[in-house]
1. Within region 65-86, track down each residue that is among the hydrophobic types (A, V, I, L, M, F, W, C) and either surrounded by fewer than 15 Cβ atoms within 10 Å (Cβ to Cβ) or touching a Lys or Arg at 6+ places or on another chain (Cβ under 6 Å) (or both).
2. Restricting attention to region 11-24, does a residue exist that is touching a Phe, Trp or Tyr at 6+ places or on another chain (Cβ under 7 Å) and aliphatic (A, V, I, L, M)?
3. If you go through region 102-125, how many residues are aliphatic (A, V, I, L, M), out of contact with any helix residue (DSSP H, G or I) (no Cβ under 6 Å at 6 or more places or on another chain) and within 23 Å of GLY81 (Cβ to Cβ)?
4. From the list LEU33, LEU56, pick out the single residue that is closer than 21 Å to ASP140 by Cβ, out of contact with any His (no Cβ under 9 Å at 6 or more places or on another chain) and in contact (Cβ under 8 Å) with a residue 40 or more places away in the chain.
5. Tell me, which residue of region 39-66 that is in contact with a strand residue (DSSP E or B) (Cβ under 7 Å, 6 or more places away or on another chain) and assigned to a loop (DSSP other than H, G, I, E, B) is nearest to LEU25 (Cα to Cα)?
6. Can you tell me which residue in region 87-99 is farthest from ARG26 (Cα to Cα), limited to those that are under 17 Å from the mean Cα position of the chain (by Cα), surrounded by fewer than 17 Cβ atoms within 10 Å (Cβ to Cβ) and not aliphatic (A, V, I, L, M)?
7. Those residues that are more than 19 Å from ALA128 (Cβ to Cβ) and either buried (at least 22 other Cβ atoms within 10 Å of the Cβ) or among the polar types (S, T, N, Q) (or both), I need them from region 20-55; list them, please.
Amino acid sequence: MAIRGAEVFTIGYEGRQPDELIAMLRAHRVDRLIDVRERPSSRRKGFSKSALRDALAAAGIDYVHVRAAGNPLRHRHDNRGDLLAAYAAHLDGVPEAVAELAAAIDGHRAALLCVERDPASCHRSILAGRLRGRGVKIVDL
């Protein structure tokens, strides 16, 4: 897999509108959005899987959902630090999640999507760290 040296973006949709998110992706020439939510549904209009996929397609951006990279522990911890540590430990037991993510990135100018605007409070920061370990440059939007 040739992702070493790739540049991958991360973005959260918290506080954004779908058109704002798409404009940011287009400004960075992203051609594939990788949804790393375990369950790609949202109470926010335009951010559930089908609506988001359709809006991205209209903008010429591919949508991929990598369920294995989602955080199945998100409702089990009140403390954000504990949650992220538990997610990192969870990923150790499912190395195929990062492999699937790497495969989705390969050959694309990609961005990882989750809810939280601040990447440090989101499980995508753990995923980004694993990708850095594979030689990927991470840029948080």
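1. Correct list: ALA85 only.
2. yes
3. Of the residues in region 102-125, 3 are aliphatic (A, V, I, L, M), out of contact with any helix residue (DSSP H, G or I) (no Cβ under 6 Å at 6 or more places or on another chain) and within 23 Å of GLY81 (Cβ to Cβ).
4. The unique qualifying residue is LEU33.
5. Ranking the qualifying residues of region 39-66, first place goes to ILE61.
6. Checking each candidate, the answer is HIS90.
7. SER41, SER42, PHE47, SER48, SER50, LEU52
Throughout, read-outs are computed from the coordinates displayed, never taken from laboratory work. Note that the coordinates shown come from a computational prediction; the quantities given were computed from them, not determined experimentally. Counting neighbours? That spans all protein chains shown, and the Cβs are built from the backbone with ideal geometry, glycine included.
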